[in-house]
Structures are given as structure tokens and as C-alpha cells.
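Here is the structure we will look at.
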Amino acid sequence: MSFVALPSGAQRASTGIRRVAGTLPISVLAAFAVVALVLAWALCPSLFTSQSPVLADPAAKFLGPSLHHWFGTDDLGRDEFARVVYGARSSVGTALVAVGIGLAVGGVIGLTAGFIEGVVDVVASRLVDTLLAIPGFLLAVVIVSALGFQTINAAIATGIISVAIFARLMRAEVMKVRHTVFVESSYLQGGSRAHVLFRHVLPNSYRSVLALSVLQVGNAIIVIAGLAFLGYGSPPPASDWGLLVSDGAQNQVAPWLVYTPAIVIAISVLSINRISRWLRKTS
């Protein structure tokens with residue numbers, strides 16, 4: 001009697017991953033690779049560079065990009081690549097916190113307004129309209145100025161300016177779902193409002209919001225970098241990406257100090273936007 005070895009769980013998972021990867025466009029795979037690399041920088045920066053992001057070496061200042069210093073060195077002789085890698089934790093982590101704030105607050109507002117309607121919907125809609133009427137970056141600057149120049153405050157400010165976007169989309173999705181046949185059928189079968197909300201409305205409303213949340217991560221990175229560029233983030237020797245661009249702009253003899261962090265920001269945001277577009281098409 002012969003036995004056929006069944007694939008293990010790890011083998012089945014690996015096969016599934018290869019099958020999914022084989023169906024993805026190359027641009028999406030490249031975007032996932034970039035995002036995975038940036039997340040790895042944020043989680044384990046020491047694995048990608050042995051240089052210190054804060055240790056100065058005046059004898060090595062303003063060195064151009066080379067095999068030893070991939071992104072060159074700054075005016076204090078610090079390795080720019082190490083500063084970009086270590087800055088990913090602050091820049092990306094702050095963006096994720098900001099999106100979490102916007103998703104939680106805006107999602108609850110939109111869900112409540114779209115499901116309850118009536119006076120609640122009117123009040124929530126006017127609040128959302130007010131937030132949308134104020135330029136987002138200006139509102140973020142005002143909030144950070146009021147709270148103080150720290151990274152966490154930049155995250156709160158960026159999250160607040162995205163609340164209206166999440167609320168409006170969630171409200172639209174909830175109102176579209178709550179008038180469908182299966183929701184009305186659930187009411188006829190004796191389902192309570194809470195049951196209908198969490199069993200039918202919410203599970204069928206979050207997909208578009210999920211794609212938006214991915215897109216908002218890229219927008220949050222740009223806003224937080226802009227705040228740091230203007231000096232509304234953590235003070236030096238922090239290595240936020242926006243602060244690196246600002247510091248580099250003051251040293252015109254070393255243009256790589258501007259180009260390298262700016263290119264990292266651009267590639268990261270474009271990759272996140274590509275993933276968001278792919279999620280929107282598949283949802």
C-alpha cells in the first residue's frame with residue numbers, strides 16, 4: 001500500500017501566495033514590494049544599515065552618494081541613508097496613526113448618520129461640510145500650533161482633517177446598503193436595528209472605506225512631511241522625512257540631501273496609491 005503525502009499547511013499557504021501573486025499586475029507587485037520594504041525600515045531599521053542616524057562625523061560631511069554612504073552625508077557627517085531608514089518609523093507610523101484616527105472617528109460619524117438619518121444625519125452632514133470647507137493643510141497647521149510641535153500632535157491633526165472624507169464615504173455606502181432588499185427582509189424577519197447594522201449594513205459598507213484608508217496613508221505621509229518641512233513636527237535631531245528635505249534645502253552644495261528623501265517619499269506614496277487603486281477595482 002502506498003501513501004500520498006498531503007501538502008502541509010505551510011506548503012498550501014505558499015502555493016496560494018504564488019497563485020495570487022501570479023494574477024497580480026507587475027505594477028501592483030512592485031508597489032507591494034516597496035511598501036513592504038518601507039514597513040521593514042520602520043520596524044527593524046538596524047537590519048538595513050549599520051550607520052547611526054544621529055552620530056556626527058565632521059570629517060565626513062557633505063560626501064556624495066557612494067557604496068559606503070548610499071545617500072551621501074549631511075552637514076554634520078551623518079549618513080543620510082541611515083537617517084531616511086530610521087525616519088521611516090516616525091513618518092510611516094505617524095501616518096498610520098493619523099489614518100486610524102480618521103477612520104475611527106469618521107467611520108462612526110458616517111455610520112451613525114447614514115443609518116439613523118433624521119436630525120442626526122443633518123447635524124453630522126453640516127459638521128462634515130464645515131470640515132471640508134476648510135483647507136486641510138491649513139487646518140492641520142492650526143491644530144498642531146495649538147497642541148504643540150510634536151509628532152503625535154501632527155498625527156492627530158492629520159487624522160482630524162481626514163475625518164470628513166471617511167465620514168462622507170461611509171455615510172454614502174451605508175445609505176446605499178440600508179435600502180437594499182436583504183436589509184428590508186431582515187427587518188421583516190424580526191431583526192433588531194443593532195442586528196441589521198452589524199450583521200448586514202456594516203459588512204457590506206466597509207470595502208470602499210478600506211480602499212480609501214489605504215489611499216489616505218499616502219496622503220497622510222505627504223501632509224506629515226509637509227508639516228515637518230515647515231517645522232511643525234519633532235525638532236532635530238529627529239529624522240522625519242519632511243525634516244530631512246527641509247534640512248537638505250538649506251545646504252545647496254549637497255543636492256542629494258533633498259533629492260534622496262524626496263524620492264523616497266514620492267515612491268512610497270505612489271506605491272500606496274497604486275495598491276489603493278487595485279483594491280478599489282477588486283472590491
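Points worth noting:
- Taken over the stretch 235-283, residues that are open to solvent by less than 50 Å² (accessible area, probe 1.4 Å), in contact (Cβ under 8 Å) with a residue 60 or more places away in the chain and hydroxyl-bearing (Ser, Thr, Tyr) amount to 5.
- Here LEU103, LEU132, LEU169 are screened, and the one residue that is in contact with a Lys or Arg (Cβ under 8 Å, 6 or more places away or on another chain), outside any loop (DSSP other than H, G, I, E, B) and open to solvent by 20 Å² or more (accessible area, probe 1.4 Å) is LEU132.
- Residue count for the stretch 40-60, restricted to those that are touching a helix residue (DSSP H, G or I) at 6+ places or on another chain (Cβ under 8 Å), in a helix (DSSP H, G or I) and open to solvent by less than 70 Å² (accessible area, probe 1.4 Å): 4
- Residue in the stretch 119-129 that is among the charged types (D, E, K, R), within 23 Å of the chain's Cα centre (by Cα) and either surrounded by fewer than 17 Cβ atoms within 10 Å (Cβ to Cβ) or modelled with pLDDT of 85 or more (or both) present: no
- Members of the stretch 61-83 that are closer than 30 Å to LEU96 by Cα and open to solvent by 60 Å² or more (accessible area, probe 1.4 Å): TRP70
Here's the yes/no breakdown for (1) within 22 Å of LEU103 (Cβ to Cβ); (2) polar (S, T, N, Q); (3) open to solvent by 50 Å² or more (accessible area, probe 1.4 Å):
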residue: GLU173; (1), (2), (3): yes, no, no
residue: VAL183; (1), (2), (3): no, no, no
residue: SER186; (1), (2), (3): no, yes, no
residue: GLY190; (1), (2), (3): no, no, yes
residue: ALA194; (1), (2), (3): yes, no, yes
residue: LEU197; (1), (2), (3): yes, no, no
residue: ASN204; (1), (2), (3): yes, yes, yes
residue: VAL209; (1), (2), (3): yes, no, no
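- Of the residues SER239, SER234, the single one that is in contact with a Lys or Arg (Cβ under 6 Å, 6 or more places away or on another chain) and more than 23 Å from ALA167 (Cβ to Cβ) is SER239.
- Residue count for the stretch 133-160 under the criterion of being hydroxyl-bearing (Ser, Thr, Tyr) and modelled with pLDDT of 90 or more: the result is 1.
The values are calculated or read from the model by the stated rules, or taken from the named source; none is laboratory data. On a predicted model such as this, the values are computed, not experimentally measured, just so you know. Glycine also receives a Cβ, built like all others from the backbone with ideal geometry; neighbour counts cover every protein chain displayed. Side chains are part of the model used for accessible areas, which takes the heavy atoms of the whole protein and leaves out ligands, DNA and RNA. Shrake-Rupley method; radii C 1.70, N 1.55, O 1.52, S 1.80 Å.
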